[in-house]
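The structure appears right after this line, and notes come after that.
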């Protein structure tokens with residue numbers, strides 16, 4: 001399977017905070033593309049990535065960021081595929097500011113939010129797989145096995 005999920009982090013410091021989600025994808029042998037690009041520090045690079053993602057086969061984007069959390073909304077404004085925002089804990093409000101930033105984007109953007117941090121990324125992955133499974137039977141079978149593990 002070509003990478004149908006692109007995960008974008010706003011900072012390389014977020015990789016360690018989200019390791020359980022990446023481990024889950026690796027264990028399930030779900031290919032994904034991981035990019036680290038700040039919407040604030042490098043908007044031009046992020047814009048270029050957004051322009052290429054659909055052509056390269058991305059079906060769902062998971063955008064993870066903390067603090068002002070502009071990344072998910074920025075990405076959603078450039079792509080016509082589902083975007084799931086994952087707020088990262090940290091800062092004075094410990095992720096609440098990031099969550100509110102995602103859920104308060106202007107109307108018209110295909111953006112939803114998961115919960116915060118590792119748990120949020122795992123739920124975002126499950127949701128992304130549910131979207132992809134609508135047109136990919138092999139992903140649907142992996143998703144069913146994964147969801148069964150959470151029920152045991």
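The values are calculated or read from the model by the stated rules, or taken from the named source; none is laboratory data. Predicted, not measured: the structure shown is a model, and the values here were computed from it. Heads up, the Cβs are rebuilt from the backbone with ideal geometry, glycines too, and the neighbour counts pull from every protein chain shown.
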Fill in: Top-ranked residue of the range 128-140 - restricted to ones that are out of contact with any helix residue (DSSP H, G or I) (no Cβ under 7 Å at 6 or more places or on another chain) and surrounded by 16 or more Cβ atoms within 10 Å (Cβ to Cβ), ranked as nearest to residue 5 (Cα to Cα)
128
Worksheet item: Can you tell me which of 108, 85 is surrounded by fewer than 18 Cβ atoms within 10 Å (Cβ to Cβ) and either free of Cβ contacts under 8 Å to residues at least 12 places away in the same chain or within 12 Å of residue 7 (Cβ to Cβ) (or both)?
Response: 108
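Right, residue 90: under 19 Å from residue 15 (Cα atoms), at pLDDT 95 or above and touching a strand residue (DSSP E or B) at 6+ places or on another chain (Cβ under 9 Å) or not?
No, not satisfied.
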Discussion item. Taking the conditions exactly as written (touching a residue at least 12 places away in the same chain (Cβ under 8 Å) and closer than 22 Å to residue 120 by Cα), does residue 23 satisfy them or not?
Written reply: no
Worksheet item: When only residues in the range 36-63 that are under 18 Å from residue 133 (Cα atoms) and outside any loop (DSSP other than H, G, I, E, B) count, which is nearest to the chain's Cα centre (by Cα)?
Response: 62
Item to complete: Could you tell me which numbered condition residue 3 fails, if it satisfies all but one of (1) closer than 19 Å to residue 131 by Cβ; (2) modelled with pLDDT of 95 or more?
Response: (2)
Fill in: Unmet requirement for residue 66, which otherwise passes all of (1) surrounded by 20 or more Cβ atoms within 10 Å (Cβ to Cβ); (2) out of contact with any helix residue (DSSP H, G or I) (no Cβ under 8 Å at 6 or more places or on another chain); (3) more than 23 Å from residue 4 (Cβ to Cβ)
(2)
Practice prompt. Select from the range 98-128 the residues that are in a helix (DSSP H, G or I) and touching a strand residue (DSSP E or B) at 6+ places or on another chain (Cβ under 8 Å) and list them in ascending order.
Written response: 98, 99, 101, 102, 103, 117, 120, 121, 124, 125, 127, 128
Worksheet item: What are the residues in the range 112-125 that are surrounded by fewer than 23 Cβ atoms within 10 Å (Cβ to Cβ) and under 20 Å from residue 16 (Cα atoms), if any?
Response: 115, 116, 118, 119, 122, 123
